[in-house]
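Here is the structure we will look at, set down as C-alpha coordinates.
The values are calculated or read from the model by the stated rules, or taken from the named source; none is laboratory data. Because the structure is a prediction, the values reported are computed rather than measured. Here the Cβ positions follow ideal geometry from the backbone for every residue, glycine too, while neighbour counts run over all protein chains shown.
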(Lines give C-alpha, C1' and ligand atoms only; values in the text may rest on other atoms or scores of the structure.)
Protein backbone atom coordinates (compact mmCIF):
# COMPACT_ATOMS: atom_id res chain seq x y z
CA UNK A 1 0.00 0.00 0.00
CA UNK A 2 1.21 3.51 -0.81
CA UNK A 3 0.38 6.21 1.73
CA UNK A 4 1.48 9.74 2.63
CA UNK A 5 1.31 10.84 6.28
CA UNK A 6 1.46 14.47 7.47
CA UNK A 7 1.75 15.82 11.02
CA UNK A 8 2.28 19.50 11.84
CA UNK A 9 0.20 19.67 15.03
CA UNK A 10 3.17 20.74 17.18
CA UNK A 11 6.27 22.84 16.55
CA UNK A 12 7.80 19.81 14.84
CA UNK A 13 6.86 18.64 11.36
CA UNK A 14 6.88 14.91 10.66
CA UNK A 15 6.24 13.41 7.22
CA UNK A 16 6.37 9.83 5.98
CA UNK A 17 5.63 7.93 2.80
CA UNK A 18 5.28 4.19 2.53
CA UNK A 19 5.73 2.47 -0.78
CA UNK A 20 4.66 -1.05 -0.02
CA UNK A 21 6.92 -2.06 2.87
CA UNK A 22 9.47 0.70 2.20
CA UNK A 23 9.38 3.72 4.50
CA UNK A 24 10.62 7.23 3.70
CA UNK A 25 10.56 9.86 6.45
CA UNK A 26 11.33 13.55 6.86
CA UNK A 27 11.34 15.60 10.08
CA UNK A 28 11.70 19.34 10.44
CA UNK A 29 10.38 22.39 12.23
CA UNK A 30 6.73 23.32 11.94
CA UNK A 31 5.13 26.24 13.74
CA UNK A 32 4.97 29.44 11.70
CA UNK A 33 7.28 27.95 9.06
CA UNK A 34 5.17 24.88 8.35
CA UNK A 35 3.14 26.37 5.50
CA UNK A 36 6.32 27.54 3.76
CA UNK A 37 8.22 24.25 3.88
CA UNK A 38 5.50 21.59 4.04
CA UNK A 39 4.58 21.23 0.37
CA UNK A 40 8.19 21.23 -0.96
CA UNK A 41 9.12 18.66 1.70
CA UNK A 42 6.22 16.42 0.70
CA UNK A 43 7.12 16.60 -2.99
CA UNK A 44 10.76 15.84 -2.17
CA UNK A 45 9.75 12.83 -0.07
CA UNK A 46 7.50 11.49 -2.82
CA UNK A 47 10.38 11.87 -5.27
CA UNK A 48 12.64 9.84 -2.95
CA UNK A 49 9.99 7.12 -2.89
CA UNK A 50 9.64 7.37 -6.67
CA UNK A 51 5.92 7.94 -6.32
CA UNK A 52 3.46 10.39 -7.84
CA UNK A 53 0.40 11.60 -5.97
CA UNK A 54 -1.68 9.43 -8.28
CA UNK A 55 0.25 6.37 -7.07
CA UNK A 56 -1.05 6.82 -3.52
CA UNK A 57 -4.13 5.08 -2.14
CA UNK A 58 -4.81 7.78 0.47
CA UNK A 59 -3.34 10.69 2.43
CA UNK A 60 -3.29 10.55 6.23
CA UNK A 61 -2.85 13.48 8.59
CA UNK A 62 -2.68 14.03 12.34
CA UNK A 63 -6.07 15.63 12.96
CA UNK A 64 -5.41 16.74 16.52
CA UNK A 65 -5.65 17.82 19.14
CA UNK A 66 -2.70 20.17 18.85
CA UNK A 67 -1.73 23.66 17.78
CA UNK A 68 -4.55 25.44 15.93
CA UNK A 69 -2.47 26.73 13.01
CA UNK A 70 -0.52 23.49 12.63
CA UNK A 71 -3.67 21.38 12.53
CA UNK A 72 -5.25 23.68 9.95
CA UNK A 73 -2.09 23.50 7.84
CA UNK A 74 -1.93 19.70 7.85
CA UNK A 75 -5.64 19.35 7.11
CA UNK A 76 -5.63 21.95 4.33
CA UNK A 77 -2.59 20.49 2.58
CA UNK A 78 -3.94 16.93 2.87
CA UNK A 79 -7.26 18.08 1.45
CA UNK A 80 -5.67 20.02 -1.40
CA UNK A 81 -3.41 17.17 -2.48
CA UNK A 82 -6.21 14.63 -2.12
CA UNK A 83 -8.60 16.69 -4.20
CA UNK A 84 -5.96 17.21 -6.89
CA UNK A 85 -5.33 13.45 -7.19
CA UNK A 86 -8.90 12.29 -6.40
CA UNK A 87 -7.79 10.47 -3.25
CA UNK A 88 -9.53 9.78 0.08
CA UNK A 89 -8.17 11.13 3.37
CA UNK A 90 -7.48 9.39 6.69
CA UNK A 91 -7.73 11.73 9.72
CA UNK A 92 -5.85 10.12 12.63
CA UNK A 93 -5.97 10.97 16.35
CA UNK A 94 -2.66 12.73 17.15
CA UNK A 95 -2.66 11.49 20.76
CA UNK A 96 -3.11 7.91 19.57
CA UNK A 97 -0.09 8.46 17.32
CA UNK A 98 1.92 9.19 20.46
CA UNK A 99 0.56 6.01 22.04
CA UNK A 100 1.60 4.01 18.98
CA UNK A 101 5.11 5.46 19.11
CA UNK A 102 5.32 4.57 22.82
CA UNK A 103 3.82 1.08 22.51
CA UNK A 104 7.21 -0.65 22.71
CA UNK A 105 7.58 0.77 26.23
CA UNK A 106 4.14 -0.13 27.60
CA UNK A 107 0.73 -1.22 26.23
CA UNK A 108 -0.94 1.37 28.49
CA UNK A 109 -0.23 4.94 27.43
CA UNK A 110 -1.41 8.27 28.78
CA UNK A 111 -0.64 10.62 25.90
CA UNK A 112 0.02 14.26 26.76
CA UNK A 113 0.73 17.25 24.52
CA UNK A 114 1.57 20.68 25.86
CA UNK A 115 -1.41 23.01 25.36
CA UNK A 116 0.24 25.96 27.17
CA UNK A 117 -1.46 28.07 29.88
CA UNK A 118 -0.92 25.25 32.41
CA UNK A 119 -2.99 22.86 30.30
CA UNK A 120 -2.38 19.68 28.34
CA UNK A 121 -4.17 17.73 25.65
CA UNK A 122 -4.68 14.26 27.04
CA UNK A 123 -5.98 10.85 26.03
CA UNK A 124 -5.62 7.35 27.53
CA UNK A 125 -5.07 4.30 25.33
CA UNK A 126 -4.51 0.59 25.88
CA UNK A 127 -3.24 -1.92 23.31
CA UNK A 128 -5.61 -4.90 23.36
CA UNK A 129 -6.40 -7.57 20.78
CA UNK A 130 -3.98 -6.06 18.25
CA UNK A 131 -5.55 -2.61 18.28
CA UNK A 132 -5.77 0.48 20.44
CA UNK A 133 -8.70 0.85 22.81
CA UNK A 134 -9.53 4.41 23.85
CA UNK A 135 -10.07 4.55 27.62
CA UNK A 136 -10.27 8.35 27.73
CA UNK A 137 -11.04 10.35 24.60
CA UNK A 138 -8.90 13.41 23.72
CA UNK A 139 -9.61 16.29 26.09
CA UNK A 140 -8.11 19.50 27.45
CA UNK A 141 -7.17 19.47 31.13
CA UNK A 142 -5.06 21.18 33.76
CA UNK A 143 -1.79 19.30 34.17
CA UNK A 144 -2.18 18.96 37.93
CA UNK A 145 -5.80 17.82 37.59
CA UNK A 146 -5.19 14.69 35.51
CA UNK A 147 -6.26 11.29 36.80
CA UNK A 148 -5.19 7.78 35.84
CA UNK A 149 -7.84 5.42 34.41
CA UNK A 150 -9.22 3.30 37.21
CA UNK A 151 -8.50 0.14 35.18
CA UNK A 152 -4.77 0.95 35.51
CA UNK A 153 -4.76 1.13 39.29
CA UNK A 154 -1.61 -0.59 40.53
CA UNK A 155 -0.30 -1.18 37.00
CA UNK A 156 2.64 0.51 35.25
CA UNK A 157 1.88 2.80 32.33
CA UNK A 158 3.65 5.24 30.06
CA UNK A 159 3.21 9.01 30.31
CA UNK A 160 4.18 9.89 26.75
CA UNK A 161 4.37 13.09 24.73
CA UNK A 162 6.03 16.50 24.90
CA UNK A 163 4.26 17.86 28.00
CA UNK A 164 6.59 16.71 30.78
CA UNK A 165 9.33 19.39 30.40
CA UNK A 166 6.80 22.23 30.51
CA UNK A 167 4.57 20.74 33.23
CA UNK A 168 6.93 18.59 35.28
CA UNK A 169 5.67 19.84 38.66
CA UNK A 170 2.01 19.41 37.76
CA UNK A 171 2.52 15.91 36.37
CA UNK A 172 4.56 14.42 39.23
CA UNK A 173 1.48 12.74 40.69
CA UNK A 174 1.24 10.59 37.55
CA UNK A 175 4.77 9.30 38.06
CA UNK A 176 4.02 8.55 41.70
CA UNK A 177 0.99 6.56 40.54
CA UNK A 178 3.17 4.24 38.44
CA UNK A 179 3.72 6.24 35.26
CA UNK A 180 7.01 6.33 33.39
CA UNK A 181 7.79 9.55 31.53
CA UNK A 182 8.69 9.12 27.85
CA UNK A 183 9.33 12.20 25.73
CA UNK A 184 7.89 11.47 22.30
CA UNK A 185 6.58 13.83 19.64
CA UNK A 186 3.91 12.85 17.08
CA UNK A 187 5.73 10.76 14.47
CA UNK A 188 4.58 10.20 10.91
CA UNK A 189 5.73 6.57 10.81
CA UNK A 190 3.43 5.82 13.78
CA UNK A 191 0.74 7.78 11.93
CA UNK A 192 1.24 5.51 8.91
CA UNK A 193 0.73 2.39 11.06
CA UNK A 194 -2.56 3.74 12.40
CA UNK A 195 -3.62 4.93 8.95
CA UNK A 196 -3.18 1.42 7.52
CA UNK A 197 -5.39 0.04 10.28
CA UNK A 198 -7.98 2.77 9.68
CA UNK A 199 -7.93 2.00 5.96
CA UNK A 200 -8.56 -1.69 6.66
CA UNK A 201 -11.54 -0.73 8.83
CA UNK A 202 -12.98 1.39 6.01
CA UNK A 203 -12.50 4.72 7.81
CA UNK A 204 -11.22 6.75 4.85
CA UNK A 205 -13.30 9.85 4.11
CA UNK A 206 -13.69 12.23 1.19
CA UNK A 207 -11.21 15.10 1.27
CA UNK A 208 -14.03 17.61 1.74
CA UNK A 209 -15.14 15.81 4.93
CA UNK A 210 -11.77 15.94 6.69
CA UNK A 211 -11.68 18.32 9.67
CA UNK A 212 -9.21 19.00 12.51
CA UNK A 213 -10.07 18.09 16.11
CA UNK A 214 -9.29 21.16 18.20
CA UNK A 215 -10.69 20.11 21.66
CA UNK A 216 -9.93 23.62 22.99
CA UNK A 217 -13.10 25.65 22.51
CA UNK A 218 -11.47 29.11 22.72
CA UNK A 219 -9.12 28.99 19.73
CA UNK A 220 -10.66 32.13 18.28
CA UNK A 221 -10.00 34.30 21.33
CA UNK A 222 -7.23 36.86 21.14
CA UNK A 223 -4.16 36.74 23.36
CA UNK A 224 -5.45 39.79 25.24
CA UNK A 225 -8.77 38.06 25.92
CA UNK A 226 -7.05 34.95 27.24
CA UNK A 227 -4.78 36.98 29.51
CA UNK A 228 -7.77 38.96 30.80
CA UNK A 229 -9.57 35.71 31.61
CA UNK A 230 -6.59 34.60 33.73
CA UNK A 231 -6.36 37.88 35.66
CA UNK A 232 -8.04 37.72 39.11
CA UNK A 233 -11.01 40.00 39.50
Run down 141, 60, 169 and say which single residue is over 20 Å from residue 194 (Cβ atoms), part of a strand (DSSP E or B) and either touching a helix residue (DSSP H, G or I) at 6+ places or on another chain (Cβ under 8 Å) or in contact (Cβ under 8 Å) with a residue 12 or more places away in the chain (or both). 141
Restricting attention to region 102-110, does a residue exist that is under 18 Å from residue 191 (Cβ atoms) and either out of contact with any strand residue (DSSP E or B) (no Cβ under 6 Å at 6 or more places or on another chain) or surrounded by fewer than 15 Cβ atoms within 10 Å (Cβ to Cβ) (or both)? yes
Yes or no: residue 83 in the same structural domain as residue 41 (by TED's automatic domain parsing) and in contact with a helix residue (DSSP H, G or I) (Cβ under 7 Å, 6 or more places away or on another chain)? yes
Residue 161 passes all but one of the listed conditions (1) touching a residue at least 40 places away in the same chain (Cβ under 8 Å); (2) surrounded by fewer than 16 Cβ atoms within 10 Å (Cβ to Cβ); (3) touching a strand residue (DSSP E or B) at 6+ places or on another chain (Cβ under 6 Å); the exception is number (2)
Residues satisfying the stated conditions in region 111-138, i.e. closer than 19 Å to residue 197 by Cβ, in contact with a strand residue (DSSP E or B) (Cβ under 9 Å, 6 or more places away or on another chain) and surrounded by fewer than 24 Cβ atoms within 10 Å (Cβ to Cβ): 126, 127, 132, 133, 134, 135, 137, 138
Scanning region 1-48 for residues that are assigned to a helix (DSSP H, G or I) and farther than 19 Å from residue 80 by Cβ, the one nearest to the chain's Cα centre (by Cα) turns out to be 31
Of (1) part of a loop (DSSP other than H, G, I, E, B); (2) touching a helix residue (DSSP H, G or I) at 6+ places or on another chain (Cβ under 7 Å), residue 106 fails just (2)
Of all residues being modelled with pLDDT of 95 or more and farther than 13 Å from residue 7 by Cβ in region 22-39, which is surrounded by the most Cβ atoms within 10 Å (Cβ to Cβ)? Just the residue, please. 24
It is to be established whether one or more residues within region 186-200 are part of a loop (DSSP other than H, G, I, E, B), at pLDDT below 95, crowded, with 19+ Cβ neighbours inside 10 Å and in contact with a strand residue (DSSP E or B) (Cβ under 9 Å, 6 or more places away or on another chain). yes
For region 64-72, check the following and say yes or no: at least one residue is outside the structural domain of residue 169 (by TED's automatic domain parsing), within 15 Å of residue 210 (Cα to Cα) and part of a strand (DSSP E or B). yes
